[in-house]
1. Within segment 353-369, which residues are within 22 Å of VAL223 (Cβ to Cβ) and either open to solvent by 80 Å² or more (accessible area, probe 1.4 Å) or in contact with a strand residue (DSSP E or B) (Cβ under 7 Å, 6 or more places away or on another chain) (or both)?
2. Please state which of the following conditions ASP142 fails to meet, knowing it meets all the rest: (1) open to solvent by 20 Å² or more (accessible area, probe 1.4 Å); (2) over 28 Å from GLY267 (Cβ atoms).
3. Of these, ASP227, ASP269, which one is within 14 Å of the ligand (Cβ to nearest atom) and either more than 18 Å from VAL321 (Cα to Cα) or surrounded by 17 or more Cβ atoms within 10 Å (Cβ to Cβ) (or both)?
4. What is the residue count in segment 116-126 for residues that are polar (S, T, N, Q) and open to solvent by 90 Å² or more (accessible area, probe 1.4 Å)?
5. Would you pick out the residues in segment 307-341 that are more than 19 Å from GLY242 (Cα to Cα) and touching a strand residue (DSSP E or B) at 6+ places or on another chain (Cβ under 8 Å)?
6. Which one is farthest from LYS58 (Cα to Cα), of the residues in segment 1-43 that are modelled with pLDDT of 90 or more and exposed (fewer than 14 other Cβ atoms within 10 Å of the Cβ)?
7. Given the options LEU312, LEU261, LEU322, name the one that is open to solvent by less than 20 Å² (accessible area, probe 1.4 Å), more than 12 Å from the ligand (Cβ to nearest atom), modelled with pLDDT of 95 or more and closer than 22 Å to THR350 by Cβ.
8. Considering only segment 286-369, give the helices (runs of 4 or more DSSP H) lying wholly within it that have at least 2 residues that are more than 29 Å from the chain's Cα centre (by Cα) and among the small types (Gly, Ala, Ser).
Amino acid sequence: MFFCEIRKSHRIHFYLCLGTAKGIYFIMKATLEKLRAEAWRELEGARDARELDSLRVKYLGKKGGITAILKQMGSLSAEERPAIGALANSVREDIEGALASRAESIDAAALSERLRSEKLDVTVPGTPAAAGHRHPMSIVLDEARDIFISMGFAVAEGPEIELSEYGFDKLNTPPGHTVRGWSDTFYIARDESVHLRSQTSPVQVRYMEAHRPPVRIISPGGVYRKDELDASHSPMFHQLEGLVVDRGITFGDLKGTLNTLVQGIYGEDVKTRFRPHHFPFTEPSCEVDVQCVVCGGTGCRVCKGEGWLELLGAGMVHPKVLAGVGIDPDEYSGFAFGVGIERMTMLRYTIDDLRLLYENDLRFLRQFA
Ligand code: PHE
């Protein structure tokens with residue numbers, strides 16, 4: 001009576017059975033046992049919740065194996081039915097139990113896999129964030145600013161695109177003056193009324209027009225000149241302008257102020273030298289040199305044997321400039337100076353090529369970290 005075939009879908013091929021009623025009972029019993037064994041085996045191989053779910057449908061669902069058996073109960077005798085019913089229930093319970101425990105172990109395996117793959121070793125050293133640092137020019141400018149602020153100076157600003165009225169006329173530099181030439185100045189207007197400022201000095205005029213004495217300001221910023229870029233020239237560079245106007249300001253105040261700057265930046269015992277010079281907007285005018293930062297004044301290649309290096313231009317504010325902004329030159333006097341920030345930086349760190357300050361070569365810049 002077992003010469004029958006049970007289809008994969010677990011429906012029973014009654015027609016192949018050597019069909020007595022007793023035969024059907026045994027086939028159903030065998031089929032239920034087979035279902036249990038098959039379910040166990042398949043559950044063992046299930047890898048995730050989705051596979052478990054399709055196995056649940058396959059064995060316990062409405063069209064599943066057990067339901068198919070129960071549908072055949074009618075062909076059994078009254079004595080056989082409870083036995084098959086009880087067996088079907090125990091197979092169902094076994095499969096449910098196996099599903100639950102398989103689900104548990106799949107969850108546990110998934111958890112331990114996550115713990116393994118996502119583990120975080122808090123003792124591994126982190127990737128350090130690359131912190132930047134100031135550019136050497138910013139370092140020197142900050143120092144200069146601090147020195148002036150400690151002497152009571154305020155910081156003022158002016159435009160880089162400047163009216164020639166402020167850049168030249170009001171600085172006692174009339175039309176036709178060589179520094180107003182097209183070969184020196186970047187004009188923006190054909191009529192020469194607007195240009196990229198070639199010095200920070202126009203800020204003097206703008207500030208004095210807006211503020212009455214006492215005036216005590218510095219003004220750092222970019223300036224432009226028609227120079228080719230080489231080791232000591234650049235079409236764009238930076239200056240720091242200084243201006244003091246009050247009653248009784250003398251050349252001695254200018255010297256004392258600039259000596260304080262130089263000693264603050266280059267060292268307590270570095271000497272300065274004031275040489276006569278000419279600027280249209282100061283009278284008298286001078287250029288200021290510092291003792292060579294390389295040889296200390298004995299003469300070397302850097303100072304070309306002179307012992308001195310030129311640092312800045314300065315002078316007493318020209319009476320015409322004061323009068324031009326409505327300040328009475330008989331009552332007030334003042335001094336002004338303009339220092340190149342690149343130059344100040346190069347002398348501070350003995351940098352012999354201006355271009356290093358602009359090239360952003362980290363091998364150079366990291367030396368100032
Ligand atoms: N403006 C001058 C220059 O660029 C420097 C200077 C400033 C001179 C103030 C005197 C007074 O060379």
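The values are calculated or read from the model by the stated rules, or taken from the named source; none is laboratory data. A quick note: this is a predicted structure, and the numbers were derived from the prediction, not measured. Virtual Cβ from ideal backbone geometry, glycine too; neighbours counted across all protein chains shown. Quick note on the areas: whole protein, heavy atoms, side chains included, nothing else; ligands and nucleic acids left out. Shrake-Rupley method; radii C 1.70, N 1.55, O 1.52, S 1.80 Å.
1. Across segment 353-369, the qualifying residues are GLU359, ASN360.
2. (2)
3. Result: ASP227 is the single residue among ASP227, ASP269 that is within 14 Å of the ligand (Cβ to nearest atom) and either more than 18 Å from VAL321 (Cα to Cα) or surrounded by 17 or more Cβ atoms within 10 Å (Cβ to Cβ) (or both).
4. The total comes to 1.
5. If the condition is that a residue be more than 19 Å from GLY242 (Cα to Cα) and touching a strand residue (DSSP E or B) at 6+ places or on another chain (Cβ under 8 Å), then GLY307, TRP308, LEU309 are the ones that fit.
6. In this case the residue turns out to be GLU33.
7. LEU261
8. The qualifying helices (runs of 4 or more DSSP H) are 319-324.
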